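A.B. asks: Would you mind keeping the following structure in view while I ask a few things?
The values are calculated or read from the model by the stated rules, or taken from the named source; none is laboratory data. Predicted model only: the values in this text are computed from it and were never measured. All Cβ positions, even for glycine, are placed from backbone atoms using ideal geometry, and neighbour counts span all protein chains on display. Just the protein is used for accessible areas: all its heavy atoms, side chains included, with ligands, DNA and RNA removed. Shrake-Rupley method; radii C 1.70, N 1.55, O 1.52, S 1.80 Å.
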Amino acid sequence: NGMALATHGSGNATVVNDEGFFFTDLESEVGGNLSVTATTGNITSDAPSVTIAGTSSFTTSANNATITLNDTGNSFAGAVSLNTTGSTGHATIDNGTTALNVGTSSVGGNLTLTSGHASGITDSGTVTVGGNLLATTDANSGVINLGTLAVDGTVALATHGTGSATINNGTTAINIAESSVGGNLRLISGNASGITDSGTVTVGGNLIARTDANSGVIDLGTLAVD
């Protein structure tokens with residue numbers, strides 16, 4: 001069985017379920033902040049929309065449990081924090097036409113982010129990803145600006161129209177998988193292994209690649225920069 005949440009005014013909502021958490025096929029709307037923890041299962045949704053006016057926090061406590069909130073009607077207005085464990089503890093967020101701000105997060109598996117807003121996808125805390133990152137803006141020439149990343153796997157980027165992308169992976173090496181950025185692409189790493197690619201990287205604007213510590217290298221062999 002699923003749950004639908006609705007608070008009056010700016011009311012917050014906190015739910016801890018000893019199994020998984022499932023947004024049922026009714027709209028959920030929280031006027032304040034939302035915190036959801038699934039103790040032994042996944043966090044999923046069949047709702048036409050989940051609307052949160054404040055911040056959102058989603059946590060799966062079980063090893064390799066997942067978070068999948070990919071309904072295009074979603075609207076998470078504040079920062080969204082995601083926490084999973086295990087190499088297949090993946091997390092997927094589609095924020096519809098709302099800008100997506102990823103707060104401090106730790107995802108054991110892959111992280112998939114989508115937004116159709118012009119302000120696109122940003123972060124406001126360190127986002128640690130044990131697997132791969134896929135970030136997509138699918139409307140309004142949305143941008144990707146993720147400045148506090150720690151992604152161990154590959155990074156794949158896709159921007160709509162002339163949307164630009166900036167990735168700063170801190171002290172972790174950057175491996176860019178097949179990507180298509182309509183505007184400028186900026187890559188920054190402070191790791192000795194620097195910045196490499198493992199797929200064709202298509203850039204409609206300018207490419208700026210920088211290693212800022214540890215004599216890091218830049219080795220980009222499959223570029224298509226206009």
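A.B. asks: What is the diffusion coefficient of the stretch 1-133 in µm²/s, taking the Kirkwood radius over Cα pairs and the Stokes-Einstein relation at 37 °C with a viscosity of 0.692 mPa s?
C.D. replies: 230 µm²/s
A.B. asks: Which entry in (i) 11.3; (ii) 13.0; (iii) 19.7 is this structure's computed mean projected area of the Cα convex hull in nm²?
C.D. replies: Computed from these coordinates, mean projected area of the Cα convex hull in nm² corresponds to label (i).
A.B. asks: How much of the accessible area of the chain, probe 1.4 Å, is carbon plus sulfur, in whole percent?
C.D. replies: Looking at the chain in its full context, I get 46 percent from C and S.
A.B. asks: Charges at C-beta only: +1 for Lys and Arg, -1 for Asp and Glu. How large is the resulting dipole of the chain about its Cα centre, in Debye rounded to 20? Could you put the intermediate results ahead of the total?
C.D. replies: Values: 2 positive and 16 negative charges, 102 e Å.
Here the size comes out at about 480 debye.
A.B. asks: Taking a label point 7 Å from the Cα of Ala139 along the Cα→Cβ vector, which residues of the stretch 1-43 have an amide N closer than 16 Å to it?
C.D. replies: Taking a point 7 Å out along Cα→Cβ of Ala139, no residue of the stretch 1-43 has its backbone N under 16 Å.
A.B. asks: Can you grab the distance from the C-alpha centre of the stretch 167-226 to the C-alpha centre of the stretch 86-147, Å, no decimals?
C.D. replies: If we compute the Cα centre of each part, the gap is 18 Å.
A.B. asks: Ok, one more. Tell me, what is the Rg over Rh of the stretch 1-68, with Rh the Kirkwood radius over Cα pairs? Could you put the intermediate results ahead of the total?
C.D. replies: Details: Rg = 11.3 Å, Rh = 11.9 Å.
Rg/Rh for the stretch 1-68 comes to 0.96.
A.B. asks: Additional query: Under 1.5 on a/c is rounded, so check that first for the stretch 95-226, then, if it is not, pick prolate when a/b is larger than b/c and oblate when it is not; a ≥ b ≥ c are the square roots of the alpha carbon gyration tensor eigenvalues.
C.D. replies: On the way: a/c = 1.81, a/b = 1.17, b/c = 1.54.
Taking the square roots of the gyration eigenvalues as a ≥ b ≥ c, the stretch 95-226 is oblate.
A.B. asks: Hey, got the Cα dimensions of the stretch 110-149 along the principal axes, in Å, largest first?
C.D. replies: 30, 18, 8
A.B. asks: So if I average 1/r over every pair of distinct C-alpha atoms in the stretch 55-134 and take the inverse, what Kirkwood radius in Å does that give?
C.D. replies: 12.1 Å
A.B. asks: What accessible area per residue comes out for the stretch 110-226, rounded to a whole number of Å², with a 1.4 Å probe?
C.D. replies: Numbers: 4610 Å² over 117 residues.
Counting only protein heavy atoms, the per-residue value for the stretch 110-226 is 39 Å².
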